[in-house]
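The values are calculated or read from the model by the stated rules, or taken from the named source; none is laboratory data. Keep in mind that what you see is a predicted model, and the values were worked out from it rather than measured. Cβ: placed from backbone, ideal geometry, glycine included. Neighbour counts: every protein chain shown.
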Amino acid sequence: MAARSSAPLNIQIVPLKGLPFAAAAVALVVYAIASNSSWALMLVHVAGGGLWTGVDLFVGLVIGPILGGLSPPARIEFASKFMPKMVLLMPVLVMMTLAAGFQVAINLGNLYPVSANRPWLIASMVVVGIMAVIALGILEPANIAVLFEMKKAPPDVDVIERLMKRFVYTAGITGLMQVATLLIMTRVATQ
């Protein structure tokens, strides 16, 4: 029988206070692409990619081991504060990185068959595509499932722990894939 706590937590699945920040990031990406400003595109791409990489590595390699050592109630308390923020953060960072990065690649001519960087960018697109599928197809659903489970009366602690482990392990995997992306992109930038 699954361990259960006595009452559901009052959790806001999508933190409304974060919506203006997410909207500002989307507006910045739209501006960068619409204006075709090299600086704005590079800013959005590098900032989005840097934050995406940092969050993945931090969650997978730092937060994950810490959570593993906490008691189930402490893990649930942490998740109730952490997971709603991730609902907004990760899709925005993925969108910023991919949309601006694709526009940068087009503008620099790196996607033309004659470009020496084309094979590197194709490799990067494969790695980043896999990471995006993992982030949006595994991480986000696990994140949202944790939040909905916490709202149940009573929440199933075992289900929450399983989903949190999936979230943390997958973030760690994407974090390590981010290292491959960094290697590829530094090669592109210096070629």
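Quick check on this structure: which one of 179, 104 is in a helix (DSSP H, G or I), of a type in the set (A, V, I, L, M, F, W, C), touching a helix residue (DSSP H, G or I) at 6+ places or on another chain (Cβ under 9 Å) and farther than 17 Å from residue 47 by Cβ? Please lay out each step first, then the result.
Numbers: 104 fails: farther than 17 Å from residue 47 by Cβ.
Result: 179 is the single residue among 179, 104 that is in a helix (DSSP H, G or I), of a type in the set (A, V, I, L, M, F, W, C), touching a helix residue (DSSP H, G or I) at 6+ places or on another chain (Cβ under 9 Å) and farther than 17 Å from residue 47 by Cβ.
Would you pick out the residues in segment 67-83 that are within 23 Å of the chain's Cα centre (by Cα) and either part of a loop (DSSP other than H, G, I, E, B) or crowded, with 19+ Cβ neighbours inside 10 Å (or both)?
Within segment 67-83, 67, 75, 76, 79, 80, 83 qualify.
Mind listing whichever residues of segment 36-54 are polar (S, T, N, Q) and farther than 14 Å from residue 89 by Cα?
Residues satisfying the conditions are 36, 37, 38.
Residue-wise test of (1) acidic (Asp, Glu); (2) within 19 Å of residue 147 (Cα to Cα); (3) at pLDDT 95 or above; (4) not in a helix (DSSP H, G or I).
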{"residue": "2", "(1), (2), (3), (4)": "no, yes, no, yes"}
{"residue": "17", "(1), (2), (3), (4)": "no, yes, no, no"}
{"residue": "29", "(1), (2), (3), (4)": "no, no, yes, no"}
{"residue": "40", "(1), (2), (3), (4)": "no, no, yes, no"}
{"residue": "56", "(1), (2), (3), (4)": "yes, no, no, no"}
{"residue": "61", "(1), (2), (3), (4)": "no, no, no, no"}
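Of the numbered conditions (1) in contact (Cβ under 8 Å) with a residue 40 or more places away in the chain; (2) more than 16 Å from the chain's Cα centre (by Cα); (3) closer than 18 Å to residue 38 by Cβ, residue 97 satisfies every one except a single condition; which is it?
Looking at each condition in turn, residue 97 falls short on (2).
Kindly evaluate residue 106 against the criterion of being at pLDDT 90 or above, among the β-branched types (Val, Ile, Thr) and within 20 Å of the chain's Cα centre (by Cα).
Spelling it out, it is not the case that residue 106 is at pLDDT 90 or above, among the β-branched types (Val, Ile, Thr) and within 20 Å of the chain's Cα centre (by Cα).
Does residue 131 satisfy being at pLDDT below 90 and within 20 Å of the chain's Cα centre (by Cα)? Talk me through it step by step, then tell me what you get.
Working: at pLDDT below 90: yes; within 20 Å of the chain's Cα centre (by Cα): yes.
In short, yes.
If residue 120 satisfies every condition in (1) among the aromatic types (Phe, Trp, Tyr); (2) part of a helix (DSSP H, G or I); (3) at pLDDT 90 or above; (4) more than 17 Å from residue 180 (Cβ to Cβ) but one, which is the exception?
It is condition (4) that residue 120 fails.
All but one of (1) outside any helix (DSSP H, G or I); (2) in contact with an Asp or Glu (Cβ under 7 Å, 6 or more places away or on another chain) hold for residue 113; state the number of the condition that does not hold.
(2)
Being of a type in the set (Val, Ile, Thr) and surrounded by fewer than 18 Cβ atoms within 10 Å (Cβ to Cβ) is the filter; apply it to segment 135-158 and report the residue that is nearest to residue 105 (Cα to Cα).
Checking each candidate, the answer is 138.
So, in segment 167-182, of the ones that are closer than 12 Å to residue 64 by Cα and among the hydroxyl-bearing types (Ser, Thr, Tyr), which residue ends up surrounded by the fewest Cβ atoms within 10 Å (Cβ to Cβ)?
Per the stated criteria, the residue is 169.
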